[in-house]
């Protein structure tokens, strides 16, 4: 790091935790191909741990995560790799309640980033950029965000179905791949199936 | 599902595991913003569980995962959302040893998918498409894969540094975000820092 900020507490904690983890590590024999032959595509949300909510052990499944758990080109790149080289045959698309991507629009993201890059606050009605002092270490806002597809959405069932269809109809996805859709409820920990 | 294949064993097991999980679920009070204010970008690989190797609890960090843990446009979309709306200030880029994305090239992926979409096998020297009988339920190969950037790489240290730089120099990423790079060793469970 070239800045003058204090050493990172997170970095030290992560290194400590990893040292502890590696001392009792017993997974050296695991192979790259997931033993349960499936992949999960879900949101990056901090409240969701796919290992726990899906009852997974190390080595069993690929986990792909992004903002929203959306079937972006990059998520589909990962799924195609997962099948073509590592033999997965079944994919789970899992979005969740109270997702940040349902609480803002692509247009609002573009506008907020154009004004500044720092963390916005929600005033009860919408996201706003708080008043801030400019510092030397602050980049200005950028209009680049207006040209990015942020993959926000409003209806959870629709977003899951939309993404299942995008994957299903992709030219590089074999017909026989099983695709399941679910909504994870962050208040109950429960998965509900989304059916066509 | 519209096909005639038997019901999925994975689906039943996942639903059972989730029912058990939700019965003892006690995370309903967690907020969307990660309490440790950081995000991890890493590979979808089945052998890596970021909660375990980084010592994380629910609610503490965003986890973004794709094939390779690469700083694709979509990963950067997720990181920008993570900072702009959910206040993360520190990001970890973590690639790993024995990554499938180092064992094939973009060119080979395009060629293999052009021939067929089914899982390839490694013959000790390279990936090949095994002889297969065409079935009704099989799509033909597609040349679309030749136009996709698959984000394969050869040198782990270089890939981590490259991705840290891509993120660091992105127009929507504030200068003050701390970016750390690591390599996870799948044989020891150990993280090694990658420094500039």
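Just one of (1) surrounded by 20 or more Cβ atoms within 10 Å (Cβ to Cβ); (2) assigned by TED's automatic domain parsing to the domain that holds residue A:175 trips up residue A:87, so point out which.
Answer for residue A:87: the failing condition is (1).
Here are some conditions: (1) touching a residue at least 60 places away in the same chain (Cβ under 8 Å); (2) not assigned by TED's automatic domain parsing to the domain that holds residue A:181. Residue A:97 meets all but one. Which one does it not meet?
(2)
For region B:156-175, give me the residue count where each residue is in contact (Cβ under 8 Å) with a residue 40 or more places away in the chain and part of a loop (DSSP other than H, G, I, E, B).
Number of matching residues: 4.
Quick check on region A:127-142. Is at least one of its residues in contact (Cβ under 8 Å) with a residue 24 or more places away in the chain, under 30 Å from residue A:52 (Cα atoms) and in contact with a helix residue (DSSP H, G or I) (Cβ under 8 Å, 6 or more places away or on another chain)?
No, every residue in region A:127-142 fails to be in contact (Cβ under 8 Å) with a residue 24 or more places away in the chain, under 30 Å from residue A:52 (Cα atoms) and in contact with a helix residue (DSSP H, G or I) (Cβ under 8 Å, 6 or more places away or on another chain).
Taking the condition touching a residue at least 40 places away in the same chain (Cβ under 8 Å), more than 10 Å from chain B (Cβ to nearest Cβ) and farther than 18 Å from residue B:173 by Cβ, does residue A:153 pass?
Yes, satisfied.
For a quick check of your reading: which helices (runs of 4 or more DSSP H) sit entirely within region B:1-101 and have at least 2 residues that are more than 7 Å from chain A (Cβ to nearest Cβ)?
Here the list reads B:9-23, B:73-86.
Out of all the residues in region B:156-196, which are within 9 Å of chain A (Cβ to nearest Cβ) and closer than 12 Å to residue B:96 by Cβ?
Once the filter is applied, which keeps residues that are within 9 Å of chain A (Cβ to nearest Cβ) and closer than 12 Å to residue B:96 by Cβ, region B:156-196 yields B:182, B:184, B:185, B:186, B:187, B:188, B:189, B:190, B:191.
Condition first: over 17 Å from the mean Cα position of the chain (by Cα) and in a strand (DSSP E or B). Now tell me which residues in region A:181-196 satisfy that.
Selection gives A:192, A:193, A:194.
Evaluate region B:110-124: report whether one residue or more is part of a loop (DSSP other than H, G, I, E, B), within 20 Å of residue A:53 (Cα to Cα) and without any contact (Cβ under 8 Å) to a residue 60 or more places away in the chain.
Checked against the condition, which is being part of a loop (DSSP other than H, G, I, E, B), within 20 Å of residue A:53 (Cα to Cα) and without any contact (Cβ under 8 Å) to a residue 60 or more places away in the chain, region B:110-124 yields no hits at all.
Out of B:68, B:110, B:55, which single residue is surrounded by fewer than 19 Cβ atoms within 10 Å (Cβ to Cβ) and assigned by TED's automatic domain parsing to the domain that holds residue B:178?
Going through B:68, B:110, B:55 in turn, just one is surrounded by fewer than 19 Cβ atoms within 10 Å (Cβ to Cβ) and assigned by TED's automatic domain parsing to the domain that holds residue B:178: B:55.
In contact with a strand residue (DSSP E or B) (Cβ under 7 Å, 6 or more places away or on another chain), modelled with pLDDT under 95 and farther than 30 Å from residue A:14 by Cβ: does that describe residue B:140?
So residue B:140 fails the test.
Can you name the number of the only condition in (1) touching a strand residue (DSSP E or B) at 6+ places or on another chain (Cβ under 9 Å); (2) surrounded by fewer than 19 Cβ atoms within 10 Å (Cβ to Cβ); (3) over 18 Å from residue B:38 (Cα atoms) that residue B:168 fails?
Going through (1) touching a strand residue (DSSP E or B) at 6+ places or on another chain (Cβ under 9 Å); (2) surrounded by fewer than 19 Cβ atoms within 10 Å (Cβ to Cβ); (3) over 18 Å from residue B:38 (Cα atoms) one by one, residue B:168 breaks only (3).
Within region B:113-139, which residues are facing chain A (nearest Cβ under 8 Å) and either surrounded by fewer than 19 Cβ atoms within 10 Å (Cβ to Cβ) or under 26 Å from residue A:30 (Cα atoms) (or both)?
Correct list: B:117, B:118, B:119, B:120, B:127, B:137, B:138, B:139.
Pick out the one residue from B:146, B:178, B:187 that is surrounded by fewer than 19 Cβ atoms within 10 Å (Cβ to Cβ), touching a residue at least 60 places away in the same chain (Cβ under 8 Å) and more than 20 Å from residue B:81 (Cβ to Cβ).
It is B:187.
The values are calculated or read from the model by the stated rules, or taken from the named source; none is laboratory data. Since this is a predicted model, take the numbers as computed values, not measurements. All Cβ positions, even for glycine, are placed from backbone atoms using ideal geometry, and neighbour counts span all protein chains on display.
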